[in-house]
Amino acid sequence: MPRSASVAAVSVRQAVRQFGEQRILDGLDLDIGAGQFVALLGRSGSGKTTLLRALAGLDRIDGGQLQVPQARAAVFQEPRLMPWKRAWRNVSLGLRGANPEARARAAMEEVGLQHRLSAWPGTLSGGEAQRVALARALVREPKLLLLDEPFAALDALTRIRMQQLVLELWRKHAPAVLLVTHDVDEAVLLADRVLVLDRGRIVDDLHIAQPRPREIATRHLQEVRRHLLGLLGVESNAEPAPNHSFYLTGTHR
Ligand SMILES: Nc1ncnc2c1ncn2[C@@H]1O[C@H](COP(=O)(O)OP(=O)(O)OP(=O)(O)O)[C@@H](O)[C@H]1O
Ligand SMILES: [Mg+2]
């Protein structure tokens with residue numbers, strides 16, 4: 001499906017969110033084009049989850065405007081599955097329209113869990129549970145997929161597999177993606193744009209045009225990485241994780 005950045009999936013104007021005296025979002029503007037893959041970085045407590053929750057419709061804003069597609073879905077750091085419902089029922093829960101069971105099964109298949117359809121959530125590994133959460137999001141055919149550190153609790157190898165899966169699913173279904181991450185390399189390897197949130201606003205917006213799979217060790221991506229780490233207050237000459245991009249194979253885009 002062609003992706004046009006001109007059709008907005010998200011439009012935020014002058015968003016304000018305040019908790020007591022603390023103004024977490026402070027006149028934030030953000031546009032995301034349809035089908036764009038955007039990563040959001042920012043220090044802990046900078047308001048990334050606050051922004052995501054507002055975009056997901058799970059929280060309000062105190063000022064400004066938000067425009068988001070009706071069809072949107074979120075995946076968080078923890079899978080948030082109902083322990084008393086089997087995996088596929090977690091995916092079909094609340095689904096409207098025809099054949100919810102068949103659609104849930106198809107989504108489970110897409111995340112590689114066709115053999116775990118009837119598993120109880122308590123028996124799933126961390127990575128499997130996150131894949132069920134991803135299937136539950138996908139089955140809603142979102143135009144906007146909100147991901148709040150969805151890989152953070154996973155071991156390094158599972159994390160790389162999940163990144164690859166998210167890229168594959170993004171290519172296939174073409175939602176706009178907003179991925180919150182603490183991992184600068186992850187942002188640089190996956191996203192079309194990398195945003196930095198600071199003091200309630202987007203303070204940087206880098207476009208990365210390199211085709212995927214990307215190699216973090218290239219000079220340009222190293223510069224991008226150093227720049228982002230600098231903005232996040234990390235002075236680093238550290239080498240990126242070895243062979244990180246080695247696993248991010250798949251079709252170029
Ligand atoms: N419901 C709430 N009531 C009061 N304060 C809140 C509430 N939700 C968030 N905050 C505060 O807003 C600030 C931003 O929180 P948020 O969770 O959005 O940060 P974050 O960027 O996602 O951080 P992290 O990277 O650690 O996940 C924090 O200081 C937090 O304590
Ligand atoms: Mg957060």
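What follows is calculated from the coordinates using simple rules that are stated; it is not laboratory data. Just so it is clear, the model here is predicted, and its values are computed rather than measured.
Give me a comma-separated list of calculated 3J(HN,Hα) values for the stretch 205-211, in order, Karplus coefficients 6.51, -1.76, 1.60 applied at θ = phi - 60°, integers in Hz, x for any Gly or Pro.
The phi angles translate into 8, 9, 8, 10, 9, 3, x Hz.
If you average the sequence gap of Cα pairs under 8 Å that are 6 or more apart and divide by the length of the chain, what percent do you get for the contact order?
Dividing the mean separation by the residue count of the chain yields 24 percent.
Is the chain best put as rounded, prolate or oblate by its Cα gyration tensor, with a ≥ b ≥ c the root eigenvalues, rounded for a/c under 1.5, and otherwise prolate when a/b is larger than b/c, oblate when not?
Because a/c hits 1.5 or more and a/b fails to exceed b/c, the chain counts as oblate.
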